[in-house]
Amino acid sequence: IASAVAFDILPLKLHPFSQSTPTGLDCVGWKRRISSPVITDGALDKTALTDDVGSEEDLYEDFRSSNHRYGHPGGGGEQLAINELISDGSVVYAEALWDHVTMDDQELGFKAGDVIEVMDATNKEWWWGRILDSEGWFPASFVRLRVNQDEPMEDYPLKVEGGKEDDSSSGTRRFGMGQTTKDQMRTNVINEIISTERDYIKHLKDICEGYIKQCRKRADMFTEEQLKTIFGNIEDIYRCQKKFVKALEKKFNKDHPHLSEVGSCFLEYQTEFQIYSEYCNNHPNACMELSRLTKVNKYVYFFEACRLLQKMIDISLDGFLLTPVQKICKYPLQLAELLKYTNPQHRDFKDVEAALNAMKNVARLINERKRRLENIDKIAQWQSSIEDWEGEDVLVRSSELIYSGELAKISHPQAKSQQRMFFLFDHQLICCKKDLLRRDILYYKSRINMDDMEILDVEDGKDKDFNISVKNAFKLHCRDTEEVHLFCAKKPEQKQRWLKAFENERRQVQLDQETGFSITEVQKKQAMLNASKQHHTGKPKAVTRPYYDFLMRQKHPTLPTTLPQQQVFMLAEPKRKPSNFWQNISRLTPFRK
């Protein structure tokens, strides 16, 4: 009760964003009891609003004073149900959607896919949970409750020697029509997949018709560029999901859901689901743009009026826009649970197994693209720190630092050996010279187009082309011009690392071509502009990405008072090894002169 009171007395005007997360789409049908005002093609029809609920300000005050707040599935009736289960002694499990990395000993850290025992869900935003011997608070919006809380017995007969089935499971509890416990569990998962898809379609429709359509009528408030930033390609996602849910409905066996064969639907749409990559990559920009706009009251009132007119659940726009990100996270978890309760002899088993791998690959691809896009800011900052830069920006052709280090270079016979710093990006190798006095300052010297080069390993001894003795050497040879560059590392292991890096660079280029990865001109220009601003101020840039800033700060003595210290965007996959991009560059040259 104390936490609920503390939550309700928070002045909402200080938090124009409702920080709750709409994981529970079962509340989509909830409607606020107001008349249906009309937004005209010109301005918001204040007359319609004033008749029953007063001005836009009154409408917003009504929104503030309302006790109906739905957030994570921990809100409303479902939250009460969870607590009743816990009170009755039942064990409630949840699966992590994302990593929760924390240094606070009061919080419970976990990785995407971990199973958490929920021990207290009385608070909407922070739940108390346990993993093995560790207990602590964790963000409720970071998890998905398991559909089947009770672990069933192994119902399906096992093959034994001779090919005969072991009838040890003959005593297994069965449900109607000869269903086993595991079949009932499969029914539960199938029903969840179908019901959440239907709710998700309703949700996307509400965003497109309730927000985007009304925003386009207000050219005095929104430009097309702003709308593209805020909503991304959510209309494309809506069109894709409408086709997907129709395919699911055709495969859904209403009379016997456990016999449904839905795996093929996921396989059919795995390529189309890659459109989520663009949306996820843009989502941080959407959060920042919304944060900027909602500092102005008229935008807060307008967005709230849009929500009320569409009769949507009580979550503000930033929360609604998170759901596509959550949706693509949930598919691997749902399919994993479905596979767990699917008989290996079931006609859907192989398709579900393949669909699980396919959706993991989609999630992995989205993760990788997001990481690459985040790298372009760092590359732009690195370039801005290099003195005497010449030619095109690195980002014109590259988006990934593959490797960096110091090498001795000889470009032609009779030339002197030059000690230089080299940075291998996809498509190009950048050569820099260290300042004689300030070794942390680098000067641009040249670049080599890696698309035209072949790598030649050179044995220790006298090199015929350059007529000198070499050690730990390799060459870059241009196929078109016959130009040759000789490089020498200080140690054999350094040479091997460079040779491996060149292989990785070619592999990365080929992968980008196969997956169609590219950076837009707008993204490149914005990254360089940000780096330029930082360069002129002479101050380190604070990169603020309010990506998972969705948790209300509550004044409660035992609840965490700050946001999770590090949120890693993971799509139901184990945390990947951190990129050494930042460490490589910061170790070699700080971003200040």
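How large is the charge dipole for the stretch 76-145, taken about the Cα centre, if only the Cβ atoms of Lys, Arg (+1) and Asp, Glu (-1) carry charge, to the nearest 20 debye?
200
For the stretch 76-145, what is one quarter of the convex hull surface built on the Cα atoms, given in nm²?
Averaged projected area of the stretch 76-145's Cα convex hull equals 4.3 nm².
Could you tell me which of rounded, prolate or oblate describes the stretch 261-347, using a ≥ b ≥ c as the square roots of the eigenvalues of the alpha-carbon gyration tensor, with rounded for a/c under 1.5 and, failing that, prolate when a/b is larger than b/c and oblate otherwise?
Prolate.
Please list the non-local residues whose amide H lies under 5 Å from the amide H of GLU261, H modeled 1.01 Å from N, same-chain partners needing a gap of 5 or more.
Counting only residues 5 or more places away or on other chains, the set is ASN253.
Can you tell me how the stretch 400-516 classifies by the Cα gyration tensor, rounded, prolate or oblate, using a/c under 1.5 as the rounded cut?
oblate
Please work out how much length the chain gains when fully extended from ARG216 to ALA354, using 0.36 nm per residue of separation minus the C-alpha to C-alpha distance, in nm with one decimal.
That pair, ARG216 and ALA354, stretches by 45.6 nm at full extension.
So, for the stretch 181-375, what is the accessible surface per residue at a probe of 1.4 Å, expressed in square angstrom?
37
Be a star and scan the stretch 358-374 for residues whose amide nitrogen sits under 20 Å from the point 7 Å along the Cα-to-Cβ vector of VAL522.
In the stretch 358-374, the label zone of VAL522 (backbone N under 20 Å from the point 7 Å along Cα→Cβ) covers 369-374.
Please give the solvent-accessible surface of VAL352 in Å², to the nearest 10, using a probe radius of 1.4 Å with every protein chain present.
Using a 1.4 Å probe on the heavy atoms, I get roughly 0 Å².
Could you work out how far the C-alpha centroid of the stretch 378-444 sits from that of the stretch 239-284, in angstrom?
Using only Cα atoms, the two centres lie 46 Å from each other.
Whole-Hz ³J(HN,Hα) for each residue in the stretch 365-373, computed from phi via Karplus 6.51 cos²θ - 1.76 cosθ + 1.60 with θ = phi - 60°, x for glycine and proline: what do you get?
5, 5, 4, 5, 5, 5, 4, 5, 5
5 Å is the cut-off here: which amide hydrogens, built 1.01 Å from N in the peptide plane, fall below it relative to TYR93, excluding neighbours closer than 5 in sequence?
Result for TYR93 returns VAL118, ARG146.
I need the Debye-formula profile for the stretch 181-375: one equal scatterer per C-alpha, no solvent, reported as log10 I(q)/I(0) at q = 0.09, 0.10, 0.18 1/Å, two decimals.
-0.39, -0.47, -1.17
Out of residues 5 or more away from GLU107 or on other chains, whose amide H comes under 5 Å of its own, with H placed 1.01 Å from N in the peptide plane?
TRP137
Using θ = phi - 60° and the Karplus form 6.51 cos²θ - 1.76 cosθ + 1.60, what ³J(HN,Hα) does each residue of the stretch 240-253 get, whole Hz, x for Gly and Pro?
So the J values, rounded to whole Hz, are 5, 5, 4, 5, 5, 5, 5, 5, 4, 4, 5, 8, 7, 8.
Per residue, how much accessible area does the stretch 76-145 show when a 1.4 Å probe rolls over the protein heavy atoms, in square angstrom?
The answer is 43 Å² per residue.
Counting only protein heavy atoms, what percent of the accessible surface of the stretch 181-375 is carbon or sulfur at a 1.4 Å probe?
47
Please state the charge dipole magnitude for the stretch 400-516, taken about the Cα centre, from unit charges on C-beta atoms (+1 on K and R, -1 on D and E), reported in debye and rounded to the nearest 20.
About 820 debye.
Which ³J(HN,Hα) values in Hz, rounded to whole numbers, follow from the phi angles of the stretch 503-511 under the Karplus curve 6.51 cos²θ - 1.76 cosθ + 1.60, where θ = phi - 60° and Gly and Pro get x?
So the Karplus estimates, Gly and Pro as x, are 5, 5, 5, 5, 5, 5, 4, 5, 5 Hz.
What is the antiparallel percent of DSSP beta bridges lying wholly in the stretch 76-145, to the nearest 5?
95
Calculate the spin-label point distance for ARG239 paired with SER291, positioning each point 7 Å from the Cα along the beta-carbon direction, and give it in nanometres.
Placing both labels 7 Å along Cα→Cβ, they lie 3.2 nm apart.
Counting Lys and Arg as +1 and Asp and Glu as -1, each charge on the Cβ, what is the dipole of the stretch 181-375 about the Cα centre in debye, to the nearest 20?
140
Set the bar at 28 Å for Cα to Cα. Now go through LYS251/LYS330; LYS243/LYS378; LYS416/LYS464 and name every pair that lies beyond it.
Those over the limit are LYS243/LYS378.
The values are calculated or read from the model by the stated rules, or taken from the named source; none is laboratory data. Nothing here was measured: the structure is a model prediction, and the numbers come from that model. For neighbour counting, all protein chains shown are included, and Cβ atoms are generated from backbone atoms with ideal geometry for every residue, glycine included. For accessibility, only protein heavy atoms count, side chains too; no ligands or nucleic acids. Shrake-Rupley method; radii C 1.70, N 1.55, O 1.52, S 1.80 Å.
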